[in-house]
Amino acid sequence: MVSPSSSVQAARRVLADRLREICKDSGLDGKTLARRCGWHPSKVSRISTARTTPSVDDIRAWCVACGVEDRAEDLIASLHAVEGMWIEWRRMERTGLKQAQASVLPLYERTRRFRAYSPSFVPGLLQTHGYTESVLRAVQRRRVPVNDVADAVAVRMERQRVLRGGERQFAFLIEEAVLRTSLAEADVHLEQLDRLMTAGAAPNVSLGVVRSRIGRTRMPVEGFWIYDTAQVNVELVSGYLTITQPSEVSAYADTFAQLANLAVYGERARALISSAMSALR
């Protein structure tokens, strides 16, 4: 699978470079290494140029062939880090939605500055119980065989405790379409909009609504979260992407700033929310 992120490709290249250097330092060429591992020479070429990601067994065999068995565990740790940057939904959610929700809690607890942009849904930290249940129920029906929606909702609601207190800062941006499009029933969506009316009242929380209009200077992009300046998570159709490469984190921060400049806040944002609420009554 080819990842949509250059961060993943860059990490794969770093691992490939380390393996290639080990081969060179051991005085072996690709053909000799392949023969010692019992592989076709093309496999060595694919691994050393990052066209193929090695397996754990491949790394162990490579290190044994080069006489550096003691380096295998460090390289395997690097492999697991690369694998963790891109996770398909079916892999992440194979045991249900609860674990997927709980897995990000340590990240939330250590983050002090959150920036979230959502083109389709209310961000999870601002969701009501009913809205969350509607969203996760739709996800479960579409792709998750295990039905643990109630437990997953409880985990997401518990996660909202990071909003309390002033030690963390939150900046949320949503597209105006989020106010008028929902997987939830009308009464549930109305409750959610009512929650948004007061979401930006706390001094550590900012809520901006990006207007839907002709002539925008920045079109909607995929939803993403920025955690401090260290990490970006992007939810794509096929999987969950983690970005840590500084240049890419910076690119998402720049995009967030551009979208933030298009948004309205305070009374103007509440007027849009109120208009959406009136349409439901």
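FYI, it's all coordinate maths here, none of it is from the lab. Here the structure is a predicted model, which means the values were calculated and not measured. Neighbour counts run over all protein chains shown; Cβ positions are idealised from the backbone, glycine included.
For residue 269, the shell of other residues with beta-carbons less than 11 Å away shows a net charge of +1, using +1 for Lys and Arg and -1 for Asp and Glu.
Straight-line cross-link partners of residue 43 among the lysines, defined as a Cα under 28 Å from its Cα and at least 8 positions apart when in the same chain: 24, 31.
For residue 22, the shell of other residues with beta-carbons less than 12 Å away shows a net charge of -2, using +1 for Lys and Arg and -1 for Asp and Glu.
For a test of the definition: using alpha carbon positions, the gyration tensor, and the 1.5 limit on a/c, classify the stretch 82-150 as rounded, prolate or oblate. Oblate is the answer for the stretch 82-150, as a/c is 1.5 or above yet b/c matches or exceeds a/b. The Cα atoms of the stretch 6-85 give a gyration tensor whose axes a ≥ b ≥ c have a/c of 1.5 or more with a/b greater than b/c, which makes the shape prolate. Highest mean first, the peptides 270-278, 129-137 sorted by other C-beta atoms within 10 Å per residue fall in the order 129-137, 270-278. Model label sites at residue 9 and residue 52, defined 7 Å from Cα along the beta-carbon direction, differ in position by 2.0 nm. Less than 5 angstrom separates the built amide H of residue 207 from those of 172, 266, all sequence-distant by 5 or more or on a different chain. The candidate values are (1) 15.2; (2) 20.6; (3) 17.3; the one derived from this structure for mean projected area of the Cα convex hull in nm² carries the label (3).
In terms of packing, defined here as the mean over residues of other Cβ atoms within 10 angstrom, the peptides 191-201, 30-40 line up highest first as 191-201, 30-40. Each of 176, 73, 235 has some number of other Cβ atoms within 10 Å of its Cβ, and from fewest to most they run 73, 235, 176. Long hydrophobic helices in the chain: the complete DSSP H runs spanning 18 Å or more by Cα along their own axis with mean Kyte-Doolittle hydropathy of at least -0.5 are 6-25, 72-85, 246-262, 266-280. Residue 174 sits among other residues whose Cβ lies under 12 Å from its own Cβ, and their net charge, with Lys and Arg +1 and Asp and Glu -1, is 0.
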